[in-house]
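Peer 1: Structure provided below as structure tokens; questions to follow.
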Amino acid sequence: MNAVSVVIGSICILVIAYRLYGYFFTNKVLKINESEPTPAHELEDGKDYVPTNKWVTFGHHFAAIAAAGPLVGPILAAQFGYLPGLLWLLIGAVIGGAVHDAVVLFASMKKKGKSLSEVAKEELGPVAGFCTGLAMLFIITITMAGLSMVVLNALVHNPWGTFAVGITIPIAMLVGIAYKKTGNLVATSTIGFILLMIGVFMGPYIKDTALGEFLNFDMKTLAIILPVYAFFAAALPVWLLLAPRDYLSSFMKIGVFIALIIGVFFVNPMIQFPAVTDFIHGGGPVIAGPVWPFVSITIACGAISGFHAFVGSGTTPKMINKWGDIRAVGFGAMLVECLVGIMALIAATALMPGDYFAINSTPEVFKTLGMQTVHLPELSQEIGMDLEGRTGGAVTLAVGMSYIFAKIPWFYDLAAYFYQFVIMFEAVFILTAIDAGTRVARYLIQDFFGDVYKPLKRVDWLPGSIFASALACFIWGYLLYSGDISSIWVLFGVSNQLMASIGLVIGTTVVLKIADKRWYALTCLVPLAYLYVTVNYAGFWMIKNVYWNSAAAGYKPLNGILSVIMLALGLIVVILAIKKWAELWKSPRFKKINKPRTKAA
């Protein structure tokens with residue numbers, strides 16, 4: 001199997017899905033009304049509710065949802081072979097992820113841009129709203145701390161990377177101010193992108209300077225800097241930092257993967273992995289469980305992800321300029337993210353299996369696999385560092401992309417540069433999700449605690465915004481600084497997909513309320529049925545075989561207790577939703593719509 005065939009086939013499937021299913025879902029199922037003003041216009045305040053150009057909103061939304069998931073998840077799932085991950089990415093994104101993102105965005109906009117917990121409260125009642133809000137707070141805290149730890153590992157004692165990532169902040173603020181003053185998107189975007197590239201390529205030249213020495217931070221210092229930065233990203237007006245930074249970062253993200261696509265077409269590397277490996281039944285060195293359900297748990301972003309519900313009911317619904325933009329921003333951005341996941345999968349499976357497993361397992365475990373490395377020693381020499389045992393997926397992506405680019409003759413001597421650039425590219429990818437995620441956590445805290453102190457509900461109340469932003473950053477910043485989050489990071493996959501299930505539950509309810517035909521609800525019910533069964537099976541498997549198994553390496557009773565709580569919250573929401581669906585199913589509206597017409601006398 002060559003990589004070009006996979007890329008061409010995948011792009012064709014995604015384009016057709018967007019053109020046919022995307023239009024059907026937004027026009028027929030959701031029945032978007034272009035003449036209706038969006039919340040960004042109705043509640044415009046120049047801070048949170050800001051009508052924004054469709055492509056700027058797309059850039060922000062894509063940058064926010066496409067964090068580490070579509071990069072790391074497919075790489076880890078390559079343990080099962082290239083076919084399971086590829087099928088789940090395509091089927092999951094088209095049938096599940098794009099529908100989930102579009103319907104959550106639509107539902108939030110119908111409720112004036114409220115968070116998913118508030119939408120759940122209004123659609124399913126206060127108990128469902130409380131359970132959804134509690135689950136969202138739990139997941140967003142883990143997500144922010146966990147993603148930040150990935151950034152820390154990339155930037156610690158790395159002045160080039162710290163400079164390249166840090167310089168995007170003042171550049172984004174300049175672009176935000178210039179665009180607000182001039183309204184000229186093309187000119188400000190061009191200048192911003194040029195400055196961004198200059199900043200990235202200056203990195204290697206500042207390493208040995210006084211500035212480079214100043215930016216040579218240790219882990220603990222970075223663990224303080226990141227939450228402080230996130231506080232300002234969450235508290236400042238969205239047009240000043242968040243939107244332009246994510247918009248500019250999306251150029252870098254999409255640009256790198258366009259370059260990878262071009263590189264794949266130029267080199268046409270062979271996929272070295274088999275369609276399926278011997279680890280599909282479990283016992284693998286990267287993922288202990290079997291291919292089902294764990295391929296759908298490991299690959300979240302890129303196929304379907306509950307984290308997207310935070311963005312789709314947080315910052316984005318307050319920025320949408322026209323209802324029709326939901327198609328490009330909600331449905332389309334998910335399909336682009338799917339392509340990102342597919343390219344990451346190709347970068348991993350283009351490596352020889354022995355090289356892949358040597359990177360993604362400890363040396364002790366690798367010795368037990370009976371495999372030999374092939375190109376890894378020469379790759380380590382070209383890049384200038386030992387690559388064995390660097391688990392987690394990020395290094396595999398950087399090595400895989402460097403391996404592909406280095407096959408182009410005039411890039412042969414640039415493998416080390418490509419490696420470092422991709423590591424920094426991943427850091428920027430993740431930081432944009434931290435920006436939006438912390439802001440969403442601020443909204444959740446204001447919604448959740450606003451029931452106790454009413455003024456907190458107002459997103460335009462400055463003291464409330466500052467308090468909620470500070471509290472959100474303190475919670476995940478503490479976990480980041482103390483390192484305690486590492487003990488529960490394994491919960492993220494299950495909890496994230498449980499959140500996606502809750503998003504589809506809300507989506508099913510909304511569709512049944514507005515749809516012309518009952519069967520339109522299947523657009524949400526089909527992916528919901530699969531995902532809910534999958535996430536519960538995965539949760540119980542982990543509880544039984546890992547968390548509460550004293551003989552397992554990941555034995556953590558607390559993780560098991562937290563898993564039970566999360567699954568119980570999801571079950572309560574589903575039970576309440578089924579009762580609501582039964583009422584909606586009997587609606588006289590459906591009988592009237594489906595009543596056969598009689599000819600006039």
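Peer 1: Where the centre of each part is set by its Cα atoms, how far does the stretch 287-346 sit from the stretch 1-72, in angstrom?
Peer 2: The stretch 287-346 and the stretch 1-72 have Cα centres spaced 10 Å from each other.
Peer 1: Also, I was wondering about something else. Between VAL574 and SER587, what is the label-to-label distance in nm when each label sits 7 Å out along the Cα-to-Cβ direction?
Peer 2: Going by the 7 Å Cα→Cβ label model, 2.4 nm.
Peer 1: Provide the net charge surrounding ALA93, with neighbours chosen by a C-beta distance below 11 Å and charges set as Lys +1, Arg +1, Asp -1, Glu -1.
Peer 2: Once positives and negatives cancel, what remains is -2.
Peer 1: Could I ask something else about it? Collect residues whose amide H, placed 1.01 Å from N in the peptide plane, falls under 5 Å from the amide H of THR52; neighbours closer than 5 in sequence don't count.
Peer 2: Here the answer is ASN321, since their amide H atoms fall under 5 Å of that of THR52.
Peer 1: Additional query: Semi-axes, largest first, in whole Å: what does sqrt of 5 times each Cα gyration tensor eigenvalue give for the stretch 269-395?
Peer 2: After scaling each eigenvalue by five and taking roots: 35, 17, 13 Å.
Peer 1: Just to check I understand the Karplus step: with θ = phi - 60° and J = 6.51 cos²θ - 1.76 cosθ + 1.60, what whole-Hz values come out for the stretch 121-131, glycine and proline as x?
Peer 2: 5, 6, 8, 10, x, x, 5, 5, x, 5, 4
Peer 1: Of ALA259, LEU14, THR132, which is farthest on the positive side of the dipole of the chain, counting Cα position, with +1 on Lys and Arg Cβ, -1 on Asp and Glu Cβ, and the Cα centre as origin?
Peer 2: THR132
Peer 1: Per residue, how much accessible area does the chain show when a 1.4 Å probe rolls over the protein heavy atoms, in square angstrom?
Peer 2: Working: 23450 Å² over 601 residues.
Value returned for the chain: 39 Å² of accessible area per residue.
Peer 1: When only alpha-carbon atoms count, how far does the chain stretch along each of its three principal axes, as whole angstroms with the largest first?
Peer 2: Largest first, the chain extends 84, 56, 51 Å along its Cα principal axes.
Peer 1: Computing the accessible area with a 1.4 Å probe over protein heavy atoms, can you report the carbon and sulfur percentage for the chain? Mind dumping the intermediate values first?
Peer 2: Numbers: 15980 of 23450 Å².
Using a 1.4 Å probe with all protein chains present, the chain comes out at 68 percent carbon and sulfur.
Peer 1: Please list 3J(HN,Hα) in residue order for the stretch 264-271, calculated via the Karplus relation 6.51 cos²θ - 1.76 cosθ + 1.60 where θ = phi - 60°; whole Hz, with x for glycine and proline.
Peer 2: With coefficients 6.51, -1.76 and 1.60, one gets 5, 5, 6, 8, 6, x, 7, 6 Hz.
Peer 1: Based on the mean of other beta carbon atoms within 10 Å per residue, what is the order of 492-498, 450-456, most packed first?
Peer 2: 492-498, 450-456
Peer 1: Here is a follow-up. Mind listing the long-range amide H neighbours of PHE217? Cut-off is under 5 Å, sequence gap 5 or more, other chains count too, H placed in the peptide plane at 1.01 Å from N.
Peer 2: It is HIS157, ASN158, by chain and number.
Peer 1: Considering the stretch 468-559, what Rg and Dmax in Å follow from its alpha-carbon atoms?
Peer 2: 18.0, 54
Peer 1: Rounded to the nearest angstrom and ordered from largest down, what semi-axes does the equivalent ellipsoid of the stretch 45-204 get from its C-alpha gyration tensor (root of 5λ)?
Peer 2: Equivalent ellipsoid semi-axes, largest first: 31, 26, 17 Å.
Peer 1: Quickly estimate the mean residue ellipticity at 222 nm for the chain, helices only: each DSSP H run with n ≥ 4 gives -39500 (n - 2.57), and the total goes over all residues, rounded to 500. Before the final figure, lay out the partial values.
Peer 2: Numbers: 27 runs with 395 residues, N = 601.
Taken over the chain, the calculation gives -21500 deg cm²/dmol.
Peer 1: Let me ask something else. Treating cross-link reach as a plain straight distance, find the lysines whose alpha-carbon is under 23 Å from the alpha-carbon of LYS544, omitting any fewer than eight places away in the same chain.
Peer 2: Cross-link targets: LYS556.
Peer 1: As a quick test, which of the pairs LYS47/LYS207; LYS112/LYS517; LYS181/LYS220 have an alpha carbon distance above 27 angstrom in this structure? Each step should come with its number before you reach the end.
Peer 2: On the way: LYS47/LYS207 37 Å; LYS112/LYS517 25 Å; LYS181/LYS220 39 Å.
Result: LYS47/LYS207; LYS181/LYS220 exceed 27 Å.
Peer 1: Calculate one ³J(HN,Hα) per residue across the stretch 338-352 by plugging θ = phi - 60° into the Karplus curve 6.51 cos²θ - 1.76 cosθ + 1.60, and present them in order as whole Hz with x for glycine and proline.
Peer 2: 4, 5, 4, x, 5, 5, 5, 4, 5, 4, 6, 7, 6, 6, 5
Peer 1: State the Cα centre-to-centre distance between the stretch 500-576 and the stretch 201-218 in whole Å.
Peer 2: What the calculation gives is 46 Å, centre to centre.
Peer 1: Taking 7 Å along the Cα-to-C-beta vector as the label spot, tell me the ARG458-ALA552 distance in nanometres, rounded to one decimal.
Peer 2: About 4.9 nm separates the two model spin labels.
The values are calculated or read from the model by the stated rules, or taken from the named source; none is laboratory data. Please read all numbers here as calculations on a predicted model, not as lab measurements. All Cβ positions, glycine included, derive from the backbone under ideal geometry; neighbour counts span all protein chains shown. These accessible areas exclude ligands, DNA and RNA; they are computed on the full protein's heavy atoms, side chains included. Shrake-Rupley method; radii C 1.70, N 1.55, O 1.52, S 1.80 Å.
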